[in-house]
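**Q** Pasting a structure below so you can have a look.
The values are calculated or read from the model by the stated rules, or taken from the named source; none is laboratory data. If you're wondering where the values come from, they're calculated on a predicted model, not measured in any experiment. Cβ sites come from the backbone with ideal geometry, for glycine too, and all protein chains shown count toward neighbours.
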Amino acid sequence: METIYQKIERMVKARGFSLAKASKAIDRNHSYLQQFCKYQKPARLPEPERYKLARFLEVNERDLRDDEYGSQTDEMDNAVADSEFSFDAGSHSLSQADGEKLMQIFENLRRKYHLEGKEIDPSALLQNALSQLFEEK
């Protein structure tokens, strides 16, 4: 089975880019993705770099997640993919930008509460993330 490190390297090269060029495109030094793909440093591609790389490669950000990370957040992503959320007594329609912001809040909450690699209740984090999102509006 192809690892996320192999997959990213393959995707970059398939589009005719070097890892150095892709690293610079995500505002990192020229060896960043080489170290990630060859030496697994960092072990997981941080969210901001993953989103930038997805835009650079013109792929869905989900395609750049490893299986462990993806399986833990698929339920949350499916909720964000829906355009309507039931929130307290009302219903709010979310734009694509709101959905992306919600995912950023979700990831920040996962880091804040040290939930990486742990089983979580996505609905509880979703409720918290939605609260933060709508407080900003």
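**Q** Return the pair list, or none, for Cβ contacts closer than 6 Å from residues in segment 55-66 that are over 11 Å from V12 (Cβ atoms) and surrounded by 14 or more Cβ atoms within 10 Å (Cβ to Cβ) to residues that are modelled with pLDDT of 90 or more and among the β-branched types (V, I, T), at least 6 apart or on different chains.
**A** The qualifying pairs are D66/I4.
**Q** Out of all the residues in segment 30-66, which are under 16 Å from the mean Cα position of the chain (by Cα) and charged (D, E, K, R)?
**A** R44, E47, E49, R50, K52, R55, E58, E61, R62, D63, R65, D66
For every residue, the table says whether it meets (1) at pLDDT 65 or above; (2) assigned to a loop (DSSP other than H, G, I, E, B); (3) of a type in the set (G, A, S).
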| position | (1), (2), (3) |
| --- | --- |
| Q35 | yes, no, no |
| R44 | yes, yes, no |
| L53 | yes, no, no |
| D74 | no, no, no |
| S86 | no, no, yes |
| E100 | yes, no, no |
| I105 | yes, no, no |
| L109 | yes, no, no |
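**Q** Taking the criterion of being under 21 Å from Q104 (Cβ atoms) and among the small types (G, A, S), would at least one residue in segment 26-45 satisfy it?
**A** Checked segment 26-45: at least one residue is under 21 Å from Q104 (Cβ atoms) and among the small types (G, A, S).
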